[in-house]
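Undergrad: Take this structure, written in structure tokens, and hold onto it; I'll ask about it next.
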Amino acid sequence: MVPSSLRRADRVIAVSNNSARDAEELFGVDPARITVIPHGVSLGLRPMSGDELASARERLHLPERFILFVGTIEPRKNLLTLLEAWAMLRDRPDLVIVGGWGWNYEAIRDRISRLGDRVHHLDALEPSQLPAVYNLAKVLAHPAWYEGFGLPPLEAMACGTPVVVSDSSSLPEVVGDAGLVVPAGDAEAWRKALEKVLGDHELAADLRRRGILRAAEFSWSRSAAMTWEVIDDALADGL
């Protein structure tokens with residue numbers, strides 16, 4: 001269905017340059033028909049005050065110090081590498097995993113169960129609860145093998161949370177110079193990067209500052225305006 005739709009479409013909107021390249025290289029879409037329009041950041045994703053965070057921590061039973069992962073639990077997200085890296089950390093905070101079970105998750109679930117009660121899984125969170133979880137995390141880790149865009153790192157940066165992402169697909173493009181980029185399948189490199197952020201307060205503060213500035217470049221109103229421009233151009237061409 002997707003290849004057929006891409007071939008028939010007069011205009012194609014891609015959410016990242018990486019996705020645009022995929023459309024061109026995998027499906028033969030003429031790059032002249034592709035416009036890159038990135039996702040935006042919801043207005044509720046922002047740095048929060050101490051009082052707001054204290055009540056959220058108590059309500060959600062979150063540990064005092066934790067690494068955060070947000071996303072569907074499935075092989076594409078590369079959680080096994082993160083779990084291996086987390087187990088090697090010397091000064092190990094808890095690990096909080098937010099997301100539902102996806103496909104072929106059994107090996108991931110088994111690995112989580114063997115790591116003990118310092119790995120916390122929150123299956124279903126309301127969108128209104130996510131900003132506090134991002135804010136409370138010491139760092140967001142996003143080791144995915146593939147993302148079309150990669151919204152959780154952008155959302156975390158908007159909240160002032162340092163991010164470490166894999167070097168795969170669109171993720172380096174999204175974070176720019178505002179996060180650490182690590183080889184996706186290298187657990188030792190992930191251990192080192194996470195320990196660096198957790199142990200270097202100046203680096204963490206710099207990543208927080210740069211992340212907020214980077215996230216401010218993405219807005220849904222801008223994305224909507226760009227989308228309308230593509231539609232308007234297509235209509236003007238009589239398509």
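Undergrad: Jot down the per residue volume, in cubic angstrom and as a whole number, of the convex hull over the alpha-carbon atoms of the chain.
TA: Expressed per residue, the convex hull around the Cα atoms of the chain is 130 Å³.
Undergrad: Could you state the angle between the C-alpha long axis of helix 79-88 and the longest principal axis of the C-alpha atoms of the chain, as a value from 0 to 90 degrees rounded to the nearest 10?
TA: Relative to the chain, helix 79-88 is tipped by roughly 30 degrees.
Undergrad: What is the sum of charges, Lys and Arg at +1 and Asp and Glu at -1, for the other residues whose Cβ falls under 15 Å from the Cβ of Leu171? Show your work: numbers first, answer last.
TA: Details: positive: Arg21, Arg76, Lys77, Arg214; negative: Asp22, Glu147, Glu155, Asp167, Glu173, Asp177, Asp186.
Surrounding charge for Leu171 is -3.
Undergrad: Moving on to the next point. Could you pull out the trypsin sites (Lys or Arg not before Pro) across the stretch 106-159 that fall in loop regions by DSSP (anything but H, G, I, E, B) with no more than 15 other Cβ atoms inside 10 Å? Could the numbers behind the result be given before it?
TA: Numbers: sites: Arg109, Arg111, Arg114, Arg118, Lys138; in loops: Arg118, Lys138.
Taking the stretch 106-159 and a limit of 15 other Cβ atoms within 10 Å, the loop trypsin sites (Lys or Arg not before Pro) found are Arg118.
Undergrad: While we're looking at this one, here's another question. Can you give the calculated 222 nm mean residue ellipticity of the chain, where each DSSP H run of n ≥ 4 adds -39,500 (n - 2.57) and the sum is split over every residue, rounded to the nearest 500 deg cm²/dmol? The partial results should precede the final answer.
TA: Values: 11 runs with 113 residues, N = 239.
Rounded to the nearest 500, it is -14000 deg cm²/dmol.
Undergrad: Same structure, new question: Which listed residue (Gly148, Thr72, Ser4) has the Cα farthest towards the positive end of the charge dipole for the chain, taking +1 on Lys and Arg C-beta and -1 on Asp and Glu C-beta about the Cα centre?
TA: Value computed over the given set: Thr72.
Every read-out reported here was derived from the displayed coordinates using simple, explicitly stated rules and does not represent laboratory data. These numbers were taken from a predicted model, which means no experiment stands behind them. Cβ coordinates were reconstructed from backbone atoms using ideal geometry, including for glycine residues, and neighbour counts include every protein chain displayed.
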